[in-house]
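Engineer: First, the structure itself, so that you have it in front of you.
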Amino acid sequence: MSASAPAAPITQDVLTIPRKQDGDALPNLIGMTRDQLTEALTNVGIAEKQVKMRHGQIWQWLYVKGVKSFDHMTNLSKDIRNKLAENFVILRPEIVTKQVSTDGTRKYLLRIQGGHEVEAVYIPETDRGTLCISSQVGCTLTCSFCHTGTQKLVRNLTVAEIVGQILVARDDLEEWDIAPGEKRLVSNIVLMGMGEPLYNTDNVRDAMKIAMDDSGIALSRRRITLSTSGIVPEIYRVGEEIGCMLAISFHATTDDVRDTLVPINRKHKIAELLQACRDYPRLSNAERITFEYVMLKDVNDSDEDARRLVKLIEGIPAKINLIPFNPWPGAPYERSSNNRIHKFADIVNEAGYSSPIRRPRGEDIMAACGQLKSATERARKSRAQMERGIEGL
Ligand code: SAH
Ligand code: SF4
């Protein structure tokens, strides 16, 4: 899309979820691990022989039915409901704005504690619906092609804030209480929003455990993909402690180029990163690593790059996701031409790797990969553009 393309129509609502007055002081049941929930129920005096059953019921209300109030937990006695309401809250991030792209992509701007903002993006497709969630406010890393990378790290998201993004999307899509096996709107999760998930591994792990729990949200580990810029020691932990699918923001085929595009490469070089990929558990044709490769004109998009890429990943069950660069105001790069991207894809494909070219989604609402950045930050820099809902496209 050129800079002069007309603005696509956008719908925008503002929704707010009322907060409990004492909400900040009481612990949130959302985001507690199973063990933490057991402990919390025991601590508020629920009889030991009842804890297991109540625990199961509450988990169902929170993650199968999606209730936001203890009053709705109708299979619990009034006494227990009161006790829960006195001691806990059920809190999700608050939707500040929701933008719906002409292609159906929905971008949620969410407010979390401290007044910070993060974004989550829902991408509907014919065979699936993918929710792209954030793991940090901003990012400590400074990949030179990424808009989020220009925003300083504010803080890591809590488990509740990570899981909360799934809950908020399902609220908005009215997708609660679905039968097992029923087609889902949110069928896949990708940790590809704001932030580096492997600088917040513990919280990401606990949140994904909640998302994968069979008695709750029940997403298969194969429907969750974690994308990392390459924090090598943490990749080993993902394999052991989460077991989800892995995506690597690869983007370059020499250490020199990768050092400038993805600066964490100065610490963990390509060879070390690829070794972690080779060691990733359960790799097979059915469980491949996705290598993400942003196509930057005259930087990393030559035929030699394509050939080096397939040589580097030789032997790793892999898919190469080619991402046409998504521009943002002031970005120092241009998107490779369509011809170049296709030529690159052909070389990768001929070497036996699937090389889909990612169709940018939600571009009109700045929801595409690498365009996420909190609105407060963006507003400072570009209020007029943001209000139109497009930026420099
Ligand atoms: N921090 C993690 C996950 C978030 S970024 C990571 O780096 O993997 C999600 C994906 O979007 C990454 O592959 C990232 O490299 C890519 N990306 C970032 N900025 C982009 C841009 N401007 N255009 C296209 N892809 C971009
Ligand atoms: Fe952070 Fe990922 Fe962006 Fe790099 S690409 S700055 S790791 S969000």
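Engineer: For the range 228-261, which positions are open to solvent by less than 10 Å² (accessible area, probe 1.4 Å), within 11 Å of ligand 1 (Cβ to nearest atom), within 30 Å of Arg128 (Cα to Cα) and out of contact with any helix residue (DSSP H, G or I) (no Cβ under 7 Å at 6 or more places or on another chain)?
Structural biologist: Residues satisfying the conditions are Ala247, Phe250.
Engineer: Among the residues of the range 253-281, write down those that are under 19 Å from Leu226 (Cα atoms) and of a type in the set (A, V, I, L, M).
Structural biologist: Passing the criteria: Val262, Ile264, Ile270, Leu273, Leu274, Ala276.
Engineer: Among the residues of the range 156-165, which ones are surrounded by fewer than 24 Cβ atoms within 10 Å (Cβ to Cβ) and either on the phi > 0 side of the Ramachandran plot or touching a Leu at 6+ places or on another chain (Cβ under 9 Å) (or both)?
Structural biologist: Of everything in the range 156-165, nothing turns out to be surrounded by fewer than 24 Cβ atoms within 10 Å (Cβ to Cβ) and either on the phi > 0 side of the Ramachandran plot or touching a Leu at 6+ places or on another chain (Cβ under 9 Å) (or both).
Engineer: Residue check, Arg266 against (1) more than 14 Å from ligand 2 (Cβ to nearest atom); (2) exposed (fewer than 14 other Cβ atoms within 10 Å of the Cβ), all met but one. Which one?
Structural biologist: So the condition that Arg266 fails would be (1).
Engineer: Checking the structure you have, find out if any residue of the range 169-184 is within 16 Å of ligand 1 (Cβ to nearest atom) and either outside any loop (DSSP other than H, G, I, E, B) or crowded, with 21+ Cβ neighbours inside 10 Å (or both). Spell out how you get there, then give the answer.
Structural biologist: The first filter runs over the range 169-184 and keeps only residues within 16 Å of ligand 1 (Cβ to nearest atom), leaving none.
No, that holds for no residue.
Engineer: Still on this structure: Of all residues in the range 185-201, how many are open to solvent by less than 40 Å² (accessible area, probe 1.4 Å), within 16 Å of ligand 1 (Cβ to nearest atom) and either outside any helix (DSSP H, G or I) or of a type in the set (Val, Ile, Thr) (or both)?
Structural biologist: First, pick out the residues of the range 185-201 that are open to solvent by less than 40 Å² (accessible area, probe 1.4 Å): 186-191, 193-198, 200-201.
If we keep only those that are within 16 Å of ligand 1 (Cβ to nearest atom) too, we end up with 188-191, 193-198, 200-201.
So of that shortlist, the ones also either outside any helix (DSSP H, G or I) or of a type in the set (Val, Ile, Thr) (or both) come out as 188-191, 193-196, 200-201.
Within the range 185-201, residues that are open to solvent by less than 40 Å² (accessible area, probe 1.4 Å), within 16 Å of ligand 1 (Cβ to nearest atom) and either outside any helix (DSSP H, G or I) or of a type in the set (Val, Ile, Thr) (or both) number 10.
Engineer: Quick one: in the range 184-215, which of the residues that are farther than 22 Å from Pro124 by Cα and among the small types (Gly, Ala, Ser) is farthest from ligand 2 (Cβ to nearest atom)?
Structural biologist: Step one: of the range 184-215, the residues farther than 22 Å from Pro124 by Cα are 195-207, 209-210, 213-215.
If we keep only those that are among the small types (Gly, Ala, Ser) too, we end up with 195, 207, 215.
Details: Gly195: 6, Ala207: 17, Ser215: 32 Å.
The residue in question is Ser215.
The values are calculated or read from the model by the stated rules, or taken from the named source; none is laboratory data. These figures come from a predicted structure and were not determined experimentally. For neighbour counting, all protein chains shown are included, and Cβ atoms are generated from backbone atoms with ideal geometry for every residue, glycine included. The protein model used for the area step is the full one, side chains on, heavy atoms only, and it has no ligands, DNA or RNA in it. Shrake-Rupley method; radii C 1.70, N 1.55, O 1.52, S 1.80 Å.
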